[in-house]
There are 2 protein chains.
Amino acid sequence: MTGTGPGKFRLKCWTGSLRQLMLAGVVVIVCLLIFVGHCQWKEIHRTSSSQLGKMDMIAESVENIPFTWRNETLSLLHDKSRCDCSKSKHNLWKDVDEKDRAATIERRSKELTKYNQRVESSKETLMIVDGAAPLSYPVRGLTVVPEGTAELPGLVVLDETARQEYEVQLQTTDFGVLDTVAEVAQAQLEGLRTKSLTIRSKSLSRLNRQLQFIVYTNTVYDIDATEIINFRYLHHRVSVPLRIRVRTVPFLYDPGPDNDISRKITIITKTFIRYASIRKLLSSIRKFYPNIRVVVADDSRPVEDLQAENVDHFVMPFAAGWFAGRNLAVSQVTTPYLLWVDDDFVFVPETKLENLLEVLENTKLDLVAGTVGRTGIRYTKMDIVPGDENGDCLRIHDLHHWGPVPGFPQCRLSTRVTNFFLARTDSVRAVGFDPVYTRSAHTQFFMAAIGRLRVASCDHVRIDHVSDKPAEYKKFRNEGGDYTKVSQRHEFFKHSIQCWVNR
Amino acid sequence: MTGTGPGKFRLKCWTGSLRQLMLAGVVVIVCLLIFVGHCQWKEIHRTSSSQLGKMDMIAESVENIPFTWRNETLSLLHDKSRCDCSKSKHNLWKDVDEKDRAATIERRSKELTKYNQRVESSKETLMIVDGAAPLSYPVRGLTVVPEGTAELPGLVVLDETARQEYEVQLQTTDFGVLDTVAEVAQAQLEGLRTKSLTIRSKSLSRLNRQLQFIVYTNTVYDIDATEIINFRYLHHRVSVPLRIRVRTVPFLYDPGPDNDISRKITIITKTFIRYASIRKLLSSIRKFYPNIRVVVADDSRPVEDLQAENVDHFVMPFAAGWFAGRNLAVSQVTTPYLLWVDDDFVFVPETKLENLLEVLENTKLDLVAGTVGRTGIRYTKMDIVPGDENGDCLRIHDLHHWGPVPGFPQCRLSTRVTNFFLARTDSVRAVGFDPVYTRSAHTQFFMAAIGRLRVASCDHVRIDHVSDKPAEYKKFRNEGGDYTKVSQRHEFFKHSIQCWVNR
């Protein structure tokens, strides 16, 4: 409702500048995309409408002033919107049977819409302050708990013109009502405890005094939503966003009086018919860390008992799978950090967990990897490039990183790292290892973690790798054939990705 | 740095009004608390400083105008800040040995500080628009990806005064540089691709035209951070917040061409030396839902094999515990929804999972419970009440709810519900069942879920409960003695809660 009017305004004033942009050929599409991304018509608030009305008035002069593109900088904006699968060796779209491809994509876009409505519920819409409005008001940092009451600081009308009477109106949109904690003589209040409150006074000072006491009370429950309060004076309309947010409890871990590392780290792994390997790993761990608890997820048959002091052995159904086992192991951790190791790794003197712990405890990082075997440090930059209805692209930039970790020159900010990492238990749990990936899968976890985990790779901690893959093992663990098809189709749907591209 | 100046201003103008508030006795403390909460001195932005300078000027007139408190509304503000454990029957603070209580609380407050720095990194500080500033600018909805470039729409200087020359300055704070995609003749640019960009022109229109092409480029990587760009004209300074955010992938599930419920729901449970119960549950499930997969976490000894078609049996170390088993079961789900049932529940004709599914699929809810046995619908309101250095309070309001679920009159918005619920797999995973709770625990999960899961309770779905607790079972499952002490101490530290209070 608030949207349509402003929408028109915006369109009008912007098409003006777009007409100019036309000259720049392909650039127009890019800008249009970016612009549409910014605007989000339907929800745009009054704040920006009057602002743009103002721009309209000066449009003749401003919009007709010529300019020269700076192509190098333009290309930076341009870069955003490329998703080209033509050269991809990992094309998920192709793995969907042609006959039900259309139907699958249709189901997926339905699910994606629902997902966005749920997850991006409190996503912020563009709001532009109108320099012509003589109003002071809060635009950021206001919160209220469900059924709670909150002050609205900073509401002021600035008007040098003497008038017979001054009037302001405050209006809530969805979740609550307006009230006042105090009354000021010679200021009339209308609509207390309703969604629309009007204040009138012959004195601007008294009106402003009254505004200092106005409060908002939430009446519609939600754990996380955004209320928009409209503040009107004369023809000026501005929006005051207020976040409805439940108070949450923190998730803390007691490091204990003595700085004992076994209180902080649990080592977790997954094994499958490689008891020689896992036993070698366990004994190597004991050599350097006698007390750290180890969690082993095992889907072998026949089962050999690995239960021991500080070793917890979990038996899964036969060949339950790689990520199912990893997710099981993660679910059993009670320390703030977990160390992931493959069952064919071996602890050596350079396997200094203290070094990885130091990085996590002194940064905002969630996951820090070390080096495996003799390959040296590994890191990969990955990001999501928006695509078309077939899906987005996962862009992989191997051997590249996002920069050094401040204070830790041995570490690089990264997106995909090795399978030897120390991570915050709660952060990894929130992303999870999808049990659908029963065999080879690695990038799939780090793709799901993009934007959810802060990841780095370091070279001052190393573990050994003694690979041992018996034929029986390969039969159940290697990719190819049916598994590849199933897992790639799953990835195509779950993450709305159509292919991987190397940068 | 930006903080101190504004901080002083604010203090000056507010102590003015606080002197007045003194009259209202206790009320002043409340307001002061709320006010401090709002202000967050250190981080307050320039935007509000000049605004408050303005308030200063009119303070004489406005701040001296008398007012009358409306106590009923005041009490709503007041309510926020009560956390009284004096009558609590569940006092966690008391369960911490007096000798190491102080040390424990000190360690906890250290961990809490680190947690808040990490988790609330992008928490919004109060920002108030200055109605006296003749500037238009965006204050909401701007985002850029790491190493990406974004437009800054709506930057306009509105000044009717004719001047020799006009000059604006844009300055980034932490994460990037400023540039322009086009150059306007007779507008001078200084500081392109630096943190401080100055634009000068003898023509205000040309300066405003140039402002339309200014872009921001992120140079410091972060997956989620907030950049503040300062926009200066004459003595006016405003702040443009811009969010640095990595593009994430969605987590979608394919409902499949046929609307098969077994593609959507996995039934999960945890059992311990009650094979008669679990077998009764399994056969009752099969009677109504022959194909839905069931996951059983089992820490019994001796182990009886429960593996069967569509039943996956996971064997844990002996007496691994209640929440460890629940968390294991959750970790193995590959459907979008999971149904939690206790091992001594029995499916009956009224156990219509379709009804719970309908609620989840048509709302933003994460978890919806049904009724158990003949007790009828159960719901409890819970919230966190801020406390002192000893911790916060969990306020429990049993038999109360947050209102009906729109469109589903049989359901009530709630905080704590029964152990018979259908929930979004990914949402529950993100909260998790803490394996530290090895025996009786229920409220602990729903407390952790406050503000993280949208919860409701419905009475149009029912399951039976045939309790069977052999002596051996009680020995390992009931609370009391050592377990109560350990679990309450854990809760005290982990969630920074000092007691539970009934409302």
Subject >> Of all residues in segment B:480-503 being more than 14 Å from every other protein chain (Cβ to nearest Cβ) and more than 17 Å from residue B:88 (Cβ to Cβ), the one that is modelled with the lowest pLDDT >> reply: B:480
Original post:
residue A:215 fails exactly one of the following numbered conditions: (1) of a type in the set (Val, Ile, Thr); (2) more than 7 Å from chain B (Cβ to nearest Cβ); (3) crowded, with 17+ Cβ neighbours inside 10 Å. What is the number of that condition?
Top reply: (2)
Original post:
Condition test on residue B:231, is it closer than 26 Å to residue B:125 by Cα and crowded, with 21+ Cβ neighbours inside 10 Å?
Top reply: yes
Original post:
Can you tell me which residue in segment A:261-271 is surrounded by the most Cβ atoms within 10 Å (Cβ to Cβ), limited to those that are within 13 Å of chain B (Cβ to nearest Cβ) and more than 30 Å from residue A:472 (Cβ to Cβ)?
Top reply: A:264
Subject >> Condition met for residue A:112 (on the phi < 0 side of the Ramachandran plot and in contact with a His (Cβ under 7 Å, 6 or more places away or on another chain)) >> reply: no
Subject >> Where a residue in segment B:96-119 is in contact (Cβ under 8 Å) with a residue 12 or more places away in the chain and its partner, wherever it lies, is part of a helix (DSSP H, G or I) and surrounded by 12 or more Cβ atoms within 10 Å (Cβ to Cβ), with Cβ under 7 Å and at least six apart >> reply: B:96/B:104; B:96/B:489; B:96/B:492; B:104/B:493; B:108/B:493
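Results for (1) more than 30 Å from residue A:193 (Cα to Cα); (2) at pLDDT 95 or above; (3) among the acidic types (Asp, Glu), shown as yes or no for each residue.
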| residue | (1), (2), (3) |
| --- | --- |
| B:61 | no, no, no |
| B:71 | no, no, no |
| B:89 | yes, no, no |
| B:108 | yes, yes, no |
| B:127 | no, no, no |
Subject >> Selected residue [at pLDDT below 95 and crowded, with 18+ Cβ neighbours inside 10 Å] from B:98, B:147 >> reply: B:147
Original post:
Somewhere in segment A:459-468, is a residue on the phi > 0 side of the Ramachandran plot and out of contact with any His (no Cβ under 6 Å at 6 or more places or on another chain)?
Top reply: no
**OP:** Looking for whichever is among the acidic types (Asp, Glu) and either more than 35 Å from the chain's Cα centre (by Cα) or surrounded by fewer than 21 Cβ atoms within 10 Å (Cβ to Cβ) (or both) here; the options are B:344, B:299. Which one fits?
**Re:** B:344
**OP:** Go through A:297, A:308 for me and flag whichever is touching a helix residue (DSSP H, G or I) at 6+ places or on another chain (Cβ under 6 Å) and free of Cβ contacts under 8 Å to residues at least 40 places away in the same chain.
**Re:** A:297
Original post:
Hey, among the residues in segment A:408-418 that are polar (S, T, N, Q) and not in a strand (DSSP E or B), which one's farthest from the other protein chains (Cβ to nearest Cβ)?
Top reply: A:418
**OP:** Would you mind stating whether residue B:439 is within 13 Å of chain A (Cβ to nearest Cβ) and part of a loop (DSSP other than H, G, I, E, B)?
**Re:** no
**OP:** Give just the number: which of (1) within 14 Å of chain B (Cβ to nearest Cβ); (2) buried (at least 16 other Cβ atoms within 10 Å of the Cβ) does residue A:463 not satisfy?
**Re:** (1)
Subject >> Pair list, Cβ < 7 Å and 6+ apart or interchain, from segment B:337-352 residues that are under 17 Å from residue B:374 (Cβ atoms) to residues that are surrounded by fewer than 23 Cβ atoms within 10 Å (Cβ to Cβ) and acidic (Asp, Glu) >> reply: B:344/B:468; B:345/B:464; B:346/B:464; B:348/B:464
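Residues are listed down the side, and each one gets a yes or a no for (1) in contact (Cβ under 8 Å) with a residue 60 or more places away in the chain; (2) outside any helix (DSSP H, G or I); (3) farther than 25 Å from residue A:279 by Cα; (4) in contact with a strand residue (DSSP E or B) (Cβ under 6 Å, 6 or more places away or on another chain):
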site: A:446; (1), (2), (3), (4): yes, no, yes, yes
site: A:457; (1), (2), (3), (4): yes, yes, yes, yes
site: A:462; (1), (2), (3), (4): yes, yes, no, yes
site: A:467; (1), (2), (3), (4): yes, yes, no, no
site: A:474; (1), (2), (3), (4): no, no, no, no
Original post:
Can residue B:363 be described as over 30 Å from residue B:494 (Cα atoms) and under 20 Å from the mean Cα position of the chain (by Cα)?
Top reply: yes
Original post:
Restricting segment A:476-503 to residues that are surrounded by fewer than 17 Cβ atoms within 10 Å (Cβ to Cβ) and assigned to a loop (DSSP other than H, G, I, E, B), which is nearest to the chain's Cα centre (by Cα)?
Top reply: A:503
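A quick yes/no check of all residues on (1) crowded, with 16+ Cβ neighbours inside 10 Å; (2) touching a Gly at 6+ places or on another chain (Cβ under 9 Å); (3) more than 14 Å from chain A (Cβ to nearest Cβ):
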residue: B:246; (1), (2), (3): yes, yes, no
residue: B:249; (1), (2), (3): yes, yes, no
residue: B:253; (1), (2), (3): yes, no, no
residue: B:273; (1), (2), (3): yes, no, yes
residue: B:282; (1), (2), (3): yes, no, yes
residue: B:294; (1), (2), (3): yes, no, no
residue: B:309; (1), (2), (3): no, no, no
residue: B:318; (1), (2), (3): no, no, no
residue: B:333; (1), (2), (3): yes, no, no
**OP:** Might you check whether a residue that is buried (at least 23 other Cβ atoms within 10 Å of the Cβ), more than 9 Å from chain A (Cβ to nearest Cβ) and more than 16 Å from the chain's Cα centre (by Cα) occurs anywhere in segment B:427-434?
**Re:** no
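The values are calculated or read from the model by the stated rules, or taken from the named source; none is laboratory data. Keep in mind that what you see is a predicted model, and the values were worked out from it rather than measured. Cβ: placed from backbone, ideal geometry, glycine included. Neighbour counts: every protein chain shown.
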